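Asks: Got a structure for you, questions after.
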Amino acid sequence: MTLDSRAISRLAAILFTVLLIQIALIPHFRVAGYIIDLPLIAILLISFRLSAANGALTGFLVGIAIDLAIHTPFGMTALTFSMAGYAAGTVSSQIVERNLVTRALTTALLAATTTTVFACIGALIGLEYVTRRELGAIALVTAGASLPITAFSDPIVRWAFPLPSVQINE
């Protein structure tokens, strides 16, 4: 899918709103003591509607914006979000036309995997962000939170990125 100016402006509006909510509101509402990663869930949902390359690019740009706002090594979030966007864009042809439950479960699985990859990258560069005991809980909270967020956000993403209609010429 190529992005026209209308799709790019909708994408920018959605992502700006998600980043604003993540920075201003989400830290005040913790689930089991952990903060939900709303931009990650948004990247996954949006990348289901995009190609793998556009999903990776979107994930990278949002990750850079998050790296500017939080105190992690610069580029670490961008790397993991670009991998998540690429993975979601890769499976998009099998997921996007399925029902909401399938998209929600796929989002939960990819969100938990991305959270784990983020912690593993941190461990590789010598950072101890989370212990092994906390990693499972964080991945579980992220996956669990993605289910209702997907149900709420999916209509907005479908509005922003409608599937192209197929016309058969006879």
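The values are calculated or read from the model by the stated rules, or taken from the named source; none is laboratory data. The model shown is predicted, which means the values in this text are computed figures rather than measured ones. Heads up, the Cβs are rebuilt from the backbone with ideal geometry, glycines too, and the neighbour counts pull from every protein chain shown. Areas reflect the complete protein model, heavy atoms only, side chains present, ligands, DNA and RNA absent. Shrake-Rupley method; radii C 1.70, N 1.55, O 1.52, S 1.80 Å.
Asks: So which residues in region 73-90 are without any contact (Cβ under 8 Å) to a residue 24 or more places away in the chain and not in a helix (DSSP H, G or I)?
Replies: Once the filter is applied, which keeps residues that are without any contact (Cβ under 8 Å) to a residue 24 or more places away in the chain and not in a helix (DSSP H, G or I), region 73-90 yields Phe74, Gly75.
Asks: Scan Ala53, Ala69, Ala65 and give me the residue that is over 20 Å from Leu147 (Cα atoms), open to solvent by less than 80 Å² (accessible area, probe 1.4 Å) and without any contact (Cβ under 8 Å) to a residue 40 or more places away in the chain. Reasoning before the result, please.
Replies: Working: Ala69 fails: without any contact (Cβ under 8 Å) to a residue 40 or more places away in the chain; Ala65 fails: without any contact (Cβ under 8 Å) to a residue 40 or more places away in the chain.
Selected residue: Ala53, the only one of Ala53, Ala69, Ala65 that is over 20 Å from Leu147 (Cα atoms), open to solvent by less than 80 Å² (accessible area, probe 1.4 Å) and without any contact (Cβ under 8 Å) to a residue 40 or more places away in the chain.
Asks: Please verify whether region 20-29 includes one or more residues that are aromatic (Phe, Trp, Tyr) and surrounded by 12 or more Cβ atoms within 10 Å (Cβ to Cβ).
Replies: Looking only at region 20-29, we keep the residues that are aromatic (Phe, Trp, Tyr), and these are 29.
From the residues that got through so far, the ones that are surrounded by 12 or more Cβ atoms within 10 Å (Cβ to Cβ) too are none.
No: region 20-29 contains no residue that is aromatic (Phe, Trp, Tyr) and surrounded by 12 or more Cβ atoms within 10 Å (Cβ to Cβ).
Asks: Keeping to region 92-109, report how many residues are open to solvent by 50 Å² or more (accessible area, probe 1.4 Å) and either at pLDDT 90 or above or of a type outside the set (S, T, N, Q) (or both).
Replies: 6
Asks: What number goes with the only condition from (1) under 16 Å from Asp154 (Cβ atoms); (2) open to solvent by less than 20 Å² (accessible area, probe 1.4 Å) that Thr80 does not pass?
Replies: (1)
Asks: Restrict the check to region 41-49 and report whether at least one residue is out of contact with any Ser or Thr (no Cβ under 9 Å at 6 or more places or on another chain) and either in a helix (DSSP H, G or I) or in contact (Cβ under 8 Å) with a residue 60 or more places away in the chain (or both). Give the steps one after another, and end with the answer.
Replies: Step one: of region 41-49, the residues out of contact with any Ser or Thr (no Cβ under 9 Å at 6 or more places or on another chain) are none.
No.
Asks: If you check Val141 against the conditions, is it touching a strand residue (DSSP E or B) at 6+ places or on another chain (Cβ under 8 Å) and either among the hydrophobic types (A, V, I, L, M, F, W, C) or at pLDDT 90 or above (or both)?
Replies: Details: touching a strand residue (DSSP E or B) at 6+ places or on another chain (Cβ under 8 Å): yes; either among the hydrophobic types (A, V, I, L, M, F, W, C) or at pLDDT 90 or above (or both): yes.
In short, yes.
Asks: Turning to a different aspect of this structure: Here is a list: Phe152, Phe118. Which entry is crowded, with 21+ Cβ neighbours inside 10 Å, over 11 Å from the mean Cα position of the chain (by Cα) and outside any loop (DSSP other than H, G, I, E, B)?
Replies: Values: Phe152 fails: crowded, with 21+ Cβ neighbours inside 10 Å.
None of the others qualify; the one that does is Phe118.
Asks: Taking Ala143 and the conditions (1) free of Cβ contacts under 8 Å to residues at least 40 places away in the same chain; (2) open to solvent by 50 Å² or more (accessible area, probe 1.4 Å), which numbered condition does it fall short on, given that it satisfies the others?
Replies: Just one mismatch for Ala143, condition (2).
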